[in-house]
Every structure is written in structure tokens, then in C-alpha cells.
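Report on one structure; see the data block that follows.
Where a number appears in this text, it was derived from the coordinates with a stated rule and is not lab data. Keep in mind that this is a model prediction, so the values were computed, not measured. No Cβ is skipped: glycine too gets one built from the backbone with ideal geometry, and neighbour counts run over all protein chains shown.
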Amino acid sequence: MIAVAAFLLAFPALFSIVNPIGAAFIFNEATSGFSAEERASLSGRVAFYSLITMVTALWGGAYVLNFFGISLGALRIAGGFVVALRSWEMLMAPERHEERKTAQATPSGQAAMDMAFFPLTMPFTAGPGTISVAISLGAERPASGLGLVEFFGGATAATVAISALIWIAYRSADRVANMLGPSGRQVVGRMSAFLLLCIGVQILITGVEDVVAGMMGTRAP
């Protein structure tokens, strides 16, 4: 069934790049100065905004790229580079990276809800890597017919599931962080950063392969 296949394709791809569990530790650090009620409200808003971002990229991202004449390979190269650069910085100096995020995410005199989209959703949760993956998934759609509807139905269900996991992970972030302790948080943070680095490099490699294949195709007699 096309819908099930689309879900099984989209869910692991989005889960790997969003990494709700690893991102929850960043969310916990960025919102450490807020009350439990504010953090719970923020987690719901970030999950909702992440859903809107992923669905928009999934459904309309490929058409936007065509309109501006941007190839999918170029998007993958740019997105993979951004993801790899961010994850490398996190891997080399996770504590300093999270401290800077906290400083950026909690400006003086700004209400908690104002930071729900920027920077907590974009770029911390559903950043360039997530958008590039969602657009890439959308580009795999069938040409037309019932299969197109089933494909987008299954892929959209995957984005809903990812958003639900974001909400659950972010709401539970403070409790999990307290259970792990400082050393546990550091270990999980480094593992998440390394996994994200591998994902970014893979996206970059795939983009380069797309560009090279396109160049070879145009040069073929």
C-alpha cells in the first residue's frame, strides 16, 4: 500500500534529522528560566509550528524549488552543509554551544511565547536539514492519480507522528534531564551531535551524487 510505504519512508528519515530526544535537551537548556506552565505551553507550540513547517515543505517545497530554478541536489548540498556544520560545533564544544543557544533563545524582556517559532522551532527543531529532507520526500511523490493522494497521506501522517514525539519529548525534557544528571546529559548530547553529523554528511553526499549524475546525463551523447 502506497500510504504505508510513504509513512515508513518519511518517519525514520524525519525522526533521524529532527532527533526529538536529543533536541529535548537543548529545549530544556533554552527554557530553563521559565515556569513549568510556560514550558508546557512552549512545547505544544513548537510541536505545532514544526508540523506546519514539515507539511509545508513536504507538500509545496518541490514546487517552490522549481519556481526559483533550484535543483534538489543543490538543496541537499546546502542543507547537508548547514546540518554538518551545526553538529560539528555541538560535538566539539556542546556546553558552550548550548550556553550560546540559551542566551539567544531567552532575550531580556521578551515573553516566552515569542520564542516558540524562532529560535525554538526554526532553526533548533525543524531547521534547514529537516526542511531539505521533507522537500526531498515530497519530490519522491507519484506523478498523479490516487497514488499521489495516498503518498501524501502517509507522509503527512509521519509528520504528525514526529510532531507528537516532539511534544512528548519537550514536555518531559526537564524530568529526563534531572534523571540523567550533568554527565548523562553530556554523553547524550555528544552522541546526538555525532549522529546528526553523520546525517548531514550523508545529505551532502547525496546532493553531490545528484549533481554529478545530472552533469553526466547532460554530457551523455
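Could you tell me what a quarter of the Cα convex hull surface of the chain works out to, in nm² with one decimal place?
Details: hull surface 54.3 nm².
Average projection, Cα convex hull of the chain: 13.6 nm².
Can you put V55, V187, V18 in order, fewest other beta carbons within 10 Å first?
On the way: V55 19, V187 13, V18 26.
Ranked by crowding around the Cβ, least crowded first: V187, V55, V18.
Among residues other than F7 whose Cβ falls under 14 Å from its Cβ, what is the net charge (Lys/Arg +1, Asp/Glu -1)?
Once all neighbours under 14 Å are counted, the net charge is -1.
Residues with beta-carbon under 12 Å from that of R76, excluding R76: net charge, scoring Lys, Arg +1 and Asp, Glu -1? All intermediate terms of the calculation are to be shown ahead of the outcome.
Numbers: positive: none; negative: E209, D210.
Neighbourhood net charge equals -2.
What do you get for Rg/Rh of the stretch 158-199 when both radii come from the Cα atoms and Rh is the Kirkwood radius?
For the stretch 158-199, the value is 1.06.
So what are the ³J(HN,Hα) numbers for the stretch 16-28, from phi and the Karplus equation (6.51, -1.76, 1.60; θ = phi - 60°), rounded to whole Hz, Gly and Pro as x?
5, 7, 6, 6, x, 5, x, 5, 4, 5, 5, 4, 4
Rounding to the nearest 20 debye, state how big the charge dipole of the stretch 2-219 is about its Cα centre with +1 on each Lys and Arg Cβ and -1 on each Asp and Glu Cβ.
Values: 13 positive and 13 negative charges, 28 e Å.
In total the dipole reaches around 140 debye.
Can you give the net charge of the other residues whose Cβ lies under 12 Å from the Cβ of L204, counting K and R as +1 and D and E as -1?
Values: positive: R76; negative: E209, D210.
Neighbour charge sum, excluding L204 itself: -1.
Connecting C-alpha atoms closer than 10 Å in a GNM of the chain, tell me which of M179, M90, M115 has the biggest fluctuation.
M179
With each run of n ≥ 4 DSSP H residues scored as -39500 (n - 2.57), what mean residue ellipticity at 222 nm is computed for the chain after dividing by its residue count and rounding to the nearest 500 deg cm²/dmol? Walk me through the intermediate numbers first.
Details: 8 runs with 179 residues, N = 221.
After summing the helix terms and dividing by residue count, I get -28500 deg cm²/dmol.
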